[in-house]
Amino acid sequence: MRLFEQKLSSIQLEPTLENWELLNYDLIKKDPNLLSMVSPFPPFPLMTLTSGLSDNFDFAGHGVHIFKSIRKACPKDITSFSRVLDFACGCGREARIFYPLSYDQFSVADIDKSMVKYMANTYSGINAVCTKPDKPLPFADNSFDLIYSISVLTHLTEKSQDLILKELNRITSPNGIIMLSVHGDRAMQRTNEPNIYNMLCVDNKLFECAKKDFERDLHAFIIQKGHLTTKKFSYGITFTSNKYIHSHFSKWFNVLDIADGAIHDFQSIVVLSPKKSLL
């Protein structure tokens with residue numbers, strides 16, 4: 001029996017994924033005694049750095065919502081995979097929900113050493129790996145059956161994006177599934193809302209230039225001068241239209257689906273399978 005099933009059965013709940021989602025937010029919020037049944041929450045400094053949140057239940061709610069969105073968009077039963085990678089895991093917003101599903105191999109990766117160290121120290125048996133910007137991923141070919149990655153391609157230049165797409169193709173098994181979040185058509189539509197636009201914290205002129213690129217189905221990137229932008233690596237806000245995804249991502253993948261606005265009616269989830277013949 002998988003760990004999540006054991007936990008649910010121990011509190012006399014039917015061991016279903018729906019009940020697992022229910023436990024990880026609604027039930028622990030109502031009954032703090034159930035907190036021991038779910039994965040631990042990260043320290044607030046790590047939580048805030050990766051998500052902007054500073055409340056355990058907000059963090060839990062975001063994680064459950066994203067887990068539900070991934071599960072709904074996935075063309076296979078989310079528990080049917082054997083080798084899973086959480087790419088750009090942060091401090092485990094999604095991993096803390098996925099980990100108790102008890103995959104044969106569960107790996108996480110991030111460019112932040114403090115996040116990788118936290119994940120390695122917190123989750124028994126997890127394979128936690130530190131990656132480097134614009135460098136090949138430290139995994140062997142065909143290593144994973146499922147890869148999910150939230151809020152990564154939403155921040156990259158086309159050059160950085162393409163390197164990651166090529167690498168994800170390489171490390172995914174021929175019958176594997178990749179699920180990536182993007183700022184797609186729905187996200188761009190919602191930038192007309194003042195609260196959404198203000199949340200982006202971007203230069204107005206640069207945004208208008210990016211919007212024109214988006215409307216022409218080009219990669220639309222707006223640089224941000226934050227701590228992740230260096231002389232060698234550019235970080236910002238990226239928008240990619242559905243047409244761009246179908247035309248550009250198809251160099252490496254079959255585009256199986258785009259769940260538009262699946263995450264908080266904003267980010268979309270792109271569902272891909274690798275074109276291994278291109279290797």
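The values are calculated or read from the model by the stated rules, or taken from the named source; none is laboratory data. Because the structure is a prediction, the values reported are computed rather than measured. All Cβ positions, even for glycine, are placed from backbone atoms using ideal geometry, and neighbour counts span all protein chains on display.
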If a residue counts only when it is of a type in the set (D, E, K, R), which helices (runs of 4 or more DSSP H) contained entirely in the stretch 1-86 have at least 2 such residues?
3-10, 17-22, 56-73
Hey, any hits in the stretch 128-135 for a residue that's modelled with pLDDT under 95, touching a Lys or Arg at 6+ places or on another chain (Cβ under 8 Å) and over 21 Å from residue 275 (Cβ atoms)?
yes
Tell me, yes or no, whether the stretch 168-183 has at least one residue that is of a type in the set (D, E, K, R) and closer than 22 Å to residue 110 by Cβ.
yes
Expected output for the stretch 1-24 (first residue at pLDDT 95 or above, partner among the β-branched types (Val, Ile, Thr) and crowded, with 18+ Cβ neighbours inside 10 Å, Cβ below 6 Å, 6+ apart or cross-chain) is 21/64; 24/38; 24/64; 24/97
Do any residues in the stretch 198-209 that are under 15 Å from residue 221 (Cβ atoms) have Cβ atoms under 6 Å from those of residues that are surrounded by 10 or more Cβ atoms within 10 Å (Cβ to Cβ), where the two are at least six apart or on different chains, and which pairs are they?
200/237; 202/222; 202/237; 206/222; 207/222
Return the residue satisfying two criteria in turn: it lies in the stretch 261-279 and is part of a loop (DSSP other than H, G, I, E, B) and of a type outside the set (A, V, I, L, M, F, W, C), and of such residues it is surrounded by the most Cβ atoms within 10 Å (Cβ to Cβ).
275
Which one of the conditions (1) of a type in the set (Ser, Thr, Tyr); (2) in a helix (DSSP H, G or I); (3) surrounded by 15 or more Cβ atoms within 10 Å (Cβ to Cβ) does residue 107 fail to meet, given that it meets all the rest?
(2)
